[in-house]
Amino acid sequence: MTRALARPLLASWFVYGGVRAALEPQKGADAARPVVAPLLREAGADVPVETLVRAHGIATAAAATVLALSRSPRTAGVALTGLAAVTVATATPFWRMEEGPEREAALEQFMKNLSLLGGAMLAATAGHSAGHIKRKKAHKAKLAEKAAEEKAAAKKAAAKAAAKSDAKFGAKSK
């Protein structure tokens, strides 16, 4: 029960931030540019920072949606961990700012991002509950049993049809 509630709660911020970054990448690009632009120049990549911020936002929202729906929580957690690490490193470079209220606000945002990184790391290590796994195994066993019954019924029907065919054609050839 706790995981069913915790995953969407954790994912909500990632979905919100990802969608916001995808729709309005300029603010995130302005913050990330001092860190990202020199790396892009060094790599020889001619990609606008806004495009990277938009792609990062889309990937973040998608991974968070997967986490919220508990489809592949560990995989989504790993993806969000990597995406959150990029955000921590580029979004609020408080260390480049002068002392003052702006730097304090950036430091606070950095700490929030760091906390979200920790939450994503926890999500990456916490898979499905024992009860979920038990239900999933029982469901798979039920499906396998049903498939075996259908296969046996099809085999029986084929044998019956073959016997009927032999009887029909066997009677004509005599």
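The values are calculated or read from the model by the stated rules, or taken from the named source; none is laboratory data. Keep in mind that this is a model prediction, so the values were computed, not measured. Cβ: placed from backbone, ideal geometry, glycine included. Neighbour counts: every protein chain shown.
The residue of region 41-54 that is nearest to ARG74 (Cα to Cα), among those that are assigned to a helix (DSSP H, G or I) and either among the acidic types (Asp, Glu) or free of Cβ contacts under 8 Å to residues at least 12 places away in the same chain (or both), is GLU50. Residues that are of a type in the set (Asp, Glu) and assigned to a helix (DSSP H, G or I) within region 17-37 comprise just one, ASP30. With respect to ALA43, determine if the residue is surrounded by 15 or more Cβ atoms within 10 Å (Cβ to Cβ), over 16 Å from LEU117 (Cβ atoms) and of a type in the set (Gly, Ala, Ser). Against the criterion (surrounded by 15 or more Cβ atoms within 10 Å (Cβ to Cβ), over 16 Å from LEU117 (Cβ atoms) and of a type in the set (Gly, Ala, Ser)), ALA43 does not qualify. For region 70-110, a tally of residues being touching a residue at least 24 places away in the same chain (Cβ under 8 Å), among the hydrophobic types (A, V, I, L, M, F, W, C) and either part of a helix (DSSP H, G or I) or outside the structural domain of GLY28 (by TED's automatic domain parsing) (or both) returns 9. Looking across THR65, THR92, THR87, one residue alone is of a type in the set (S, T, N, Q) and farther than 18 Å from ALA124 by Cβ. It is THR92.
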